[in-house]
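J.: Sharing a structure with you now.
The values are calculated or read from the model by the stated rules, or taken from the named source; none is laboratory data. Everything quoted here is computed from the prediction, not taken from an experiment. Cβ placement follows ideal geometry from the backbone for every residue including glycine, while neighbour counts extend to all protein chains displayed. We work out accessible area using only protein heavy atoms, side chains counted, and drop any ligands, DNA or RNA first. Shrake-Rupley method; radii C 1.70, N 1.55, O 1.52, S 1.80 Å.
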Amino acid sequence: MDYVEPKVARNMPGMRLALTMGVPGPWSEAAKEIFRIKGIDFVPVGQVGGNQNKDLVEWTGIRNAPIAVYNDEPPREKWTDILALAERIQPEPRLIPDDPAERALMYGLAHEICGENGFAWQRRLMMVHDAVKAGMMNDSFDVLATDYGYSEAAGDAAPKKTAAILRLLATQLHEQKTKGSDFFIGTSLTALDVYWACFCALVRPLGDDKCVQPMPDYLRRMYEGHDDTVNSAVDPILVAHRDRIYAEYLTLPLDF
Ligand SMILES: N[C@@H](CCC(=O)N[C@@H](CS)C(=O)NCC(=O)O)C(=O)O
């Protein structure tokens, strides 16, 4: 991926998307895929994970990634705002269900994956917890611990919360299967399928054969994790769904 520096990107027109460089960050991967599915061109802007990202903050007021900046509109950092922006600029193919009950279910389940204290949030707390326990804290982990509300108690509680969300998602996929649908919601692709496909990496990262460059070993080990409570909740239907959505709708190999 050819990243443009924030200082340069801020003077460019169109869609600029700040992404964590060298890491398949799930929020960043999902934002990229949503834009690609809709055919929205974007300039990738480099964010450094766990860094203060002074130039990015000077431009957008935001330190982490992803951040979508469209022309002279305000920067969008939340997954809900990035999705809404994409849906507005390019309504087709629609990724937010028209039916209000389906839409509410989609946002509810997506919040469990991407939202504050959801699946990815808990997995990140577990990663920081492991670093604390192993005496491996460094500047980057310190930033993550501070910015994302780490405490020892939160780290201890995270595996059970993660597993409960994984079971919720697997139950939904099984129910859909009995109704004859291969999608999380209704009978067609929604943003929820995209989110899960990208966020599944936080328990089962895609193999190096599916990445432009190998995932660094340390990161692969962190993403895979080693917690029995979490591992026993990774129903094969979750991984099969991820594989199918990537194969049919998303971009491989991953380029981060
Ligand atoms: N803004 C996102 C969450 C973004 C987020 O958590 N980003 C993380 C993971 S991709 C990140 O940038 N981590 C590296 C860092 O904080 O520097 C949302 O809530 O929708």
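J.: Which percentage, to the nearest 5, of the DSSP beta bridges contained in the chain is antiparallel?
T.: Given both bridge residues lie in the chain, the antiparallel proportion sits at roughly 40 percent.
J.: Using the heavy atoms of the protein chains alone and a 1.4 angstrom probe, what is the accessible area of the chain per residue in square angstrom?
T.: 46
J.: If the reach is capped at under 17 angstrom between alpha carbons, list the aspartates and glutamates near residue 78, excluding any in the same chain fewer than eight residues apart.
T.: 29, 33, 87, 112, 116, 147
J.: Just want to confirm a number: the relative contact order over the range 182-256, from Cα pairs under 8 angstrom separated by 6+ residues, in percent.
T.: Over the range 182-256, the number comes to 42 percent.
J.: A further question follows. Expressed as a rounded percentage, what relative contact order does the chain have, with Cα pairs under 8 Å and six or more residues apart?
T.: Computed value for the chain: 21 percent relative contact order.
J.: Where in the chain are the helices, taken as whole DSSP H runs, whose Cα atoms extend 24 angstrom or more along the long axis and whose Kyte-Doolittle mean reaches at least -1.0?
T.: 152-178
J.: Sum -39500 (n - 2.57) across every DSSP H segment of at least 4 residues in the chain, then divide by the residue count to get the 222 nm mean residue ellipticity, nearest 500.
T.: Computed mean residue ellipticity for the chain: -16000 deg cm²/dmol.
J.: In the chain, if the dipole is taken from +1 on Lys/Arg beta carbons and -1 on Asp/Glu beta carbons about the Cα centre, which of 191, 11, 70 is farthest to the positive end?
T.: Value computed over the given set: 191.
J.: On to the next question. What is the percent carbon and sulfur in the accessible area of the range 66-141, measuring with a 1.4 Å probe over the protein chains and ignoring ligands?
T.: 52
J.: To continue, here is another question. Relative contact order (percent) for the range 65-153, with alpha-carbon contacts under 8 angstrom and 6 or more residues of separation?
T.: Normalised by residue count, the contact order of the range 65-153 is 13 percent.
J.: If you build a Gaussian network model of the chain, linking Cα atoms that sit under 10 Å apart, which residue out of 64, 117, 51 swings the most?
T.: For the chain, modelled as a Gaussian network with Cα springs under 10 Å, the answer is 51.
J.: Could you order 55, 228 so the one with the most accessible surface comes first? Probe is 1.4 Å.
T.: Of 55, 228, the descending order of accessible area is 228, 55.
J.: Let me ask you something else. How big is the dipole moment of the range 100-249 about its Cα centre under a simple scheme where the beta carbon of each Lys and Arg is +1, that of each Asp and Glu is -1, and everything else is neutral? Debye, nearest 20, please.
T.: Value, rounded to 20: 340 debye.
J.: Follow-up. Please state the shape class of the chain: rounded when a/c is under 1.5, otherwise prolate if a/b exceeds b/c and oblate if not, all from the C-alpha gyration tensor.
T.: oblate
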